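Worksheet: one structure, shown below.
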Amino acid sequence: MAERTATIPPDKTAEEKKKRPAGVRNSVAEWAVTILLLLFGTTTLVQAFVIPTGSMEDTLLIGDHLLVDKLAYAPSGPISKYVLPYENPKHGDIIVFRYPADITQTFVKRVIGVPGDHLKMVNRIVYRNGVQLNEPYTYHNFPYDAARDNFPGEPSPFAEGLQAQFQRDMLEHHVVNGEIVVPPDSYFAMGDNRDNSLDSRYWGFVPRDNIIGKPLLIYWSYRASTEDLAGTSVDSLFSHMTDLATHFFTRTRWSRTLRLIRGFPDSKLSDKPLPLKRGDPNL
């Protein structure tokens, strides 16, 4: 019996066989470019960030998921500075940055002082360059505490390690006539929840190089606990995933979805000293 040999169907010509590997290569190349663009976008243009604590209440809530513009404060090049809207952080801007005492952690706060500013806090009221600030975004949920609500003052007894070192350096070398003076290439940042915010009062200034960008919008907001959002254990992750599967629709804050995030422009800050409040020692 003659041995049967495989034959190529008439429509599969030699020319088409040559094209097939090229088509596969093109598809792989297209996917590779797409993946690279996605990686470029998420590492260079924007970054997702979740609010794990209440230090920025009521402006930002625990469980707000943000998109952060990483180009806003990027250093400008000789050509790009004419094309892209690079800028330096301004008074009232909300910024995302690497925590100076532990750069593995990312913080979000509001810029209160820029280089050269003189700052002090008296009875919860912030004065910048001798002018009392109008800060409608601040939130207070604890009684007045002299050690916390007046600044600068004594170093925090609870500060440790680099946090204590940076705070001590600020209080020893950057206080003039009872006011903090913000040094070059540094910023003074505070949380809107002034009673419950680990901010520049406790660890000093934010170096310019630590600033990652500014929040653009809340793309999703979900009522969750700090433990679920900040936890790294398998149990906390499992608990959060179970909670999402069970309560996604009822605990999503739909009214905050796709909400734009804006700073509080300096033009809205008081350009004249506001009336002093009763109990202010300056009365």
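Rule-based calculations on the coordinates, nothing more; no lab input. Note that this is a predicted model, so its numbers are computed, not measured. Neighbour counts run over all protein chains shown; Cβ positions are idealised from the backbone, glycine included.
Ranking of Glu160, Glu135 by neighbouring Cβ atoms within 10 Å, starting from the fewest: Glu160, Glu135. The mean sequence distance of close C-alpha pairs (under 8 Å, at least 6 residues apart), as a share of the length of the range 39-268, puts its relative contact order at 27 percent. Within the range 39-268, how many lysine pairs that are 8 or more places apart, or on different chains, have C-alpha atoms less than 13 Å apart? Lysine pairs, 8 or more places apart or on different chains, close enough: 5.
With both labels modelled 7 Å from their Cα along Cα-to-Cβ, the Glu87 to Asn134 distance reads 2.0 nm. Each of Pro89, Asn196, Val176 was placed along the dipole of the range 39-268 (beta-carbon charges, centred on the mean Cα), and the one lying farthest toward the positive end is Pro89. Note that the range 39-268, at 4 °C in a medium of 1.567 mPa s, gets a Stokes-Einstein diffusion coefficient of 69 µm²/s from its Kirkwood radius over C-alpha pairs.
About its Cα centre, the dipole of the range 94-217 is roughly 300 debye, where the only charges are +1 on Lys and Arg Cβ and -1 on Asp and Glu Cβ. Near Arg256: Cβ cut-off under 15 Å, other residues only, Lys/Arg at +1 and Asp/Glu at -1. The net charge is +2.
Note on the range 39-268: antiparallel DSSP beta bridges, both residues inside, total approximately 95 percent of the bridges counted. Taking square-rooted eigenvalues a ≥ b ≥ c of the alpha carbon gyration tensor, is the range 84-176 rounded, prolate or oblate, where a/c under 1.5 means rounded and, failing that, a/b exceeding b/c means prolate? It is rounded, given that a/c, with a ≥ b ≥ c, falls under 1.5.
Scaled to the compact-protein estimate 2.2 N^0.38 Å, what is the alpha-carbon radius of gyration of the range 132-268, rounded to two decimal places? All intermediate terms of the calculation are to be shown ahead of the outcome.
Numbers: Rg = 18.8 Å, N = 137, 2.2 N^0.38 = 14.3 Å.
Dividing the Cα Rg of the range 132-268 by 2.2 N^0.38 Å gives 1.32.
Taking neighbour Cβ counts within 10 Å as the exposure measure, how do Lys214, Lys70 sort from fewest upward?
Numbers: Lys214 24, Lys70 20.
Listing Lys214, Lys70 from fewest to most nearby Cβ atoms yields Lys70, Lys214.
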